């Protein structure tokens with residue numbers, strides 16, 4: 001059941017074939033906000049640029065990277081993958097391997113929140 005604030009149809013805008021995968025039936029009188037693909041893509045691009053700008057500033061704030069070129073920082077930003085960890089979650093070698101597809105060849109940056117290291 002979709003309710004206020006939820007959306008549908010975005011997959012048809014993202015997929016190249018534009019195919020719709022769901023049939024939507026109103027369960028009550030409903031008012032929709034509708035946006036065309038061009039405007040939707042423009043909004044997503046603005047959101048991505050804002051997100052990327054925040055990550056660039058974050059990476060530049062790390063002393064090790066503070067003198068790195070903009071191109072180098074941008075390469076790091078484009079390589080970052082966000083991983084959400086829950087409060088109280090133990091981060092063990094096994095959990096890191098799940099996050100990083102079994103590899104130990106990763107470094108982790110705390111983007112938000114706090115971790116305790118023992």
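The values are calculated or read from the model by the stated rules, or taken from the named source; none is laboratory data. None of these values were measured; they are calculated from a predicted model. FYI the Cβ positions are ideal-geometry reconstructions off the backbone, even for glycines, and counts take in every protein chain you see.
Hey, any hits in segment 34-53 for a residue that's touching a helix residue (DSSP H, G or I) at 6+ places or on another chain (Cβ under 7 Å), surrounded by 13 or more Cβ atoms within 10 Å (Cβ to Cβ) and under 20 Å from residue 111 (Cα atoms)? It would help to see each step written out before you state the result.
Start the filter on segment 34-53 by keeping residues that are touching a helix residue (DSSP H, G or I) at 6+ places or on another chain (Cβ under 7 Å), which leaves 37, 40, 52.
Subset that is surrounded by 13 or more Cβ atoms within 10 Å (Cβ to Cβ): 37, 40, 52.
Filter again for under 20 Å from residue 111 (Cα atoms), leaving 52.
Looking for residues that are touching a helix residue (DSSP H, G or I) at 6+ places or on another chain (Cβ under 7 Å), surrounded by 13 or more Cβ atoms within 10 Å (Cβ to Cβ) and under 20 Å from residue 111 (Cα atoms), one finds at least one in segment 34-53, hence yes.
Could you list, in sequence order, the residues of segment 1-41 that are without any contact (Cβ under 8 Å) to a residue 12 or more places away in the chain and in a helix (DSSP H, G or I)?
Listed by number, the residues that qualify are 11, 12, 14, 38, 39.
Criterion first (in a loop (DSSP other than H, G, I, E, B) and either loosely packed, with under 10 Cβ neighbours inside 10 Å or modelled with pLDDT of 80 or more (or both)) does residue 105 satisfy it?
The answer is yes for residue 105.
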